[in-house]
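Trainee: Quick one: the structure is below, questions incoming.
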């Protein structure tokens, strides 16, 4: 369905005119992958691509249906940029759905976690309000997302060693 990028592990493709679909299998159980997406102290260890010049300053997450999140990026509070939204659906170890409310063109993100014999198939879908909004977002995501997920892989290895 149009443009697809893969680094061999992470596939980033357009599911439709308005939807971006990212698929990856992680060599870790769903429990650990879920924790990495829902615990702020773990989330902030992998979410920002290391190649990004802008660090993640703060990460607040109230991971429950109706809860909210706020991520602030920048070198200091005065120059920071925030990303925030609400959790529409939180089904533990199975599904996360959240809004991206920082702009008019924000997507609704759905992440599903499926057990595959002790590994985790993760599918992230971002549904944008228009084709143009997805076009604008796709350019950054096709590079950043594989890098983020590689960092998540590294974190999952260290979490697995702690078990």
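The values are calculated or read from the model by the stated rules, or taken from the named source; none is laboratory data. Quantities reported herein were computed from a predicted structural model and do not represent experimental measurements. Backbone-built Cβ (ideal geometry, glycine too); neighbour counts: all protein chains shown.
Trainee: Do you know which residues across segment 114-132 are closer than 21 Å to residue 33 by Cα, more than 12 Å from the chain's Cα centre (by Cα) and touching a residue at least 60 places away in the same chain (Cβ under 8 Å)?
Mentor: Step one: of segment 114-132, the residues closer than 21 Å to residue 33 by Cα are 114-126.
Checking the rest, the ones that are also more than 12 Å from the chain's Cα centre (by Cα) come to 114-121.
Hits for segment 114-132 are 114, 115, 116, 118, 119, 120, 121.
Trainee: Determine which single condition residue 37 fails, assuming it passes every other condition in (1) in a strand (DSSP E or B); (2) surrounded by 17 or more Cβ atoms within 10 Å (Cβ to Cβ); (3) under 14 Å from the mean Cα position of the chain (by Cα).
Mentor: (1)
Trainee: Sticking with this one: Hey, residue 160 hits all of (1) over 20 Å from residue 90 (Cα atoms); (2) at pLDDT 95 or above; (3) in contact with a helix residue (DSSP H, G or I) (Cβ under 8 Å, 6 or more places away or on another chain) but one; which does it fall short on?
Mentor: Failed condition: (2).
Trainee: What number of residues in segment 70-94 are outside any strand (DSSP E or B), modelled with pLDDT of 95 or more and surrounded by 14 or more Cβ atoms within 10 Å (Cβ to Cβ)?
Mentor: Step one: list which residues in segment 70-94 are outside any strand (DSSP E or B), which gives 74-80, 92-94.
Subsequent filtering for residues that are modelled with pLDDT of 95 or more retains 92-94.
Of the ones still in play, those that are also surrounded by 14 or more Cβ atoms within 10 Å (Cβ to Cβ) are 93-94.
Selection size over segment 70-94: 2.
Trainee: Going residue by residue through segment 42-56, is there one that turns out to be in a strand (DSSP E or B), farther than 18 Å from residue 152 by Cβ, touching a strand residue (DSSP E or B) at 6+ places or on another chain (Cβ under 9 Å) and touching a residue at least 12 places away in the same chain (Cβ under 8 Å)? Walk me through it before giving the result.
Mentor: Going through segment 42-56, the residues in a strand (DSSP E or B) turn out to be 56.
Restricting the remaining residues to those that are farther than 18 Å from residue 152 by Cβ gives none.
No - not one qualifying residue is present in segment 42-56.
Trainee: Could you tell me which of the residues 89, 143, 101 is closer than 15 Å to residue 37 by Cβ and under 16 Å from the mean Cα position of the chain (by Cα)?
Mentor: Working: 143 fails: closer than 15 Å to residue 37 by Cβ; 101 fails: closer than 15 Å to residue 37 by Cβ.
So the residue among 89, 143, 101 that is closer than 15 Å to residue 37 by Cβ and under 16 Å from the mean Cα position of the chain (by Cα) is 89.
Trainee: Within segment 134-145, is even one residue at pLDDT 95 or above, surrounded by 14 or more Cβ atoms within 10 Å (Cβ to Cβ) and touching a strand residue (DSSP E or B) at 6+ places or on another chain (Cβ under 8 Å)?
Mentor: Initial filter on segment 134-145 (at pLDDT 95 or above): none.
For segment 134-145, residues at pLDDT 95 or above, surrounded by 14 or more Cβ atoms within 10 Å (Cβ to Cβ) and touching a strand residue (DSSP E or B) at 6+ places or on another chain (Cβ under 8 Å): absent.
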